[in-house]
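Asks: Structure below; questions to follow.
The values are calculated or read from the model by the stated rules, or taken from the named source; none is laboratory data. These numbers were taken from a predicted model, which means no experiment stands behind them. Here the Cβ positions follow ideal geometry from the backbone for every residue, glycine too, while neighbour counts run over all protein chains shown.
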Amino acid sequence: MKNNEGTNQSTDKSESELIDTFISQFPPEVQSKLQTLRQVIREAAPEAKEKISYQMPTFVLAGNLVHYSAFKHHIGFYPGLSGITVFKDELSKYKGAKGSVQFPMDQPLPYDLISRIVKYRVMENKEKAGVKRQ
């Protein structure tokens, strides 16, 4: 749910401000990519909260969903091992590691793919949380 400022109401204001500050340290074109990425993740996981974890913006819902950050030549996206494995064919054109992918800074971000990965991670975390509660 969004408030009048367009931010996620479930996010603690100080955490949101920390993420705003994190994003503001980058050049304007990188800030724009990070803000759009943040919005895509918010829309894919509207119940999730934001925080800084591992020194980068993180969305959490029944555990960590995804982290993201910017580097000199790429945007780092960290959906965990399962998020990479399930979408490995679509992510194969990008550099990455076990639980991460690097989207080159000079290319458009694949927002539709990112949204689908986030939605998958939401489902996965909710299922795991449901099993733990039983």
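Asks: Please report, ordered by residue number, the helices (runs of 4 or more DSSP H) entirely within region 27-117 with at least 3 residues that are under 20 Å from A129 (Cα atoms) and either in contact (Cβ under 8 Å) with a residue 40 or more places away in the chain or of a type in the set (V, I, T) (or both).
Replies: Numbers: elements: 28-44, 80-86, 88-91.
Because the criterion is at least 3 residues that are under 20 Å from A129 (Cα atoms) and either in contact (Cβ under 8 Å) with a residue 40 or more places away in the chain or of a type in the set (V, I, T) (or both), the helices (runs of 4 or more DSSP H) in region 27-117 that meet it are 80-86.
Asks: Something else now. Six or more apart or on different chains, Cβ atoms under 7 Å: show the pairs whose first residue is in region 14-26 and without any contact (Cβ under 8 Å) to a residue 40 or more places away in the chain and surrounded by 14 or more Cβ atoms within 10 Å (Cβ to Cβ) and whose second is of a type in the set (D, E) and assigned to a helix (DSSP H, G or I).
Replies: none
Asks: Further, regarding this structure: Restricting the search to region 88-131, which residues are among the hydrophobic types (A, V, I, L, M, F, W, C) and within 15 Å of the chain's Cα centre (by Cα)?
Replies: Scanning region 88-131 gives V101, F103, L109, L113, I114, I117, V118, V122, M123.
Asks: Of all residues in region 90-129, how many are of a type in the set (S, T, N, Q) and farther than 23 Å from P46 by Cα?
Replies: 3
Asks: Another one. Among V30, V101, which is the only one that is at pLDDT 95 or above, surrounded by 16 or more Cβ atoms within 10 Å (Cβ to Cβ) and farther than 16 Å from I117 by Cβ?
Replies: Values: V101 fails: farther than 16 Å from I117 by Cβ.
From the options V30, V101, the qualifying one is V30.
Asks: Looking only at region 14-67, count every residue that is more than 11 Å from the chain's Cα centre (by Cα) and closer than 15 Å to G83 by Cβ and tell me the total.
Replies: Here the count works out to 3.
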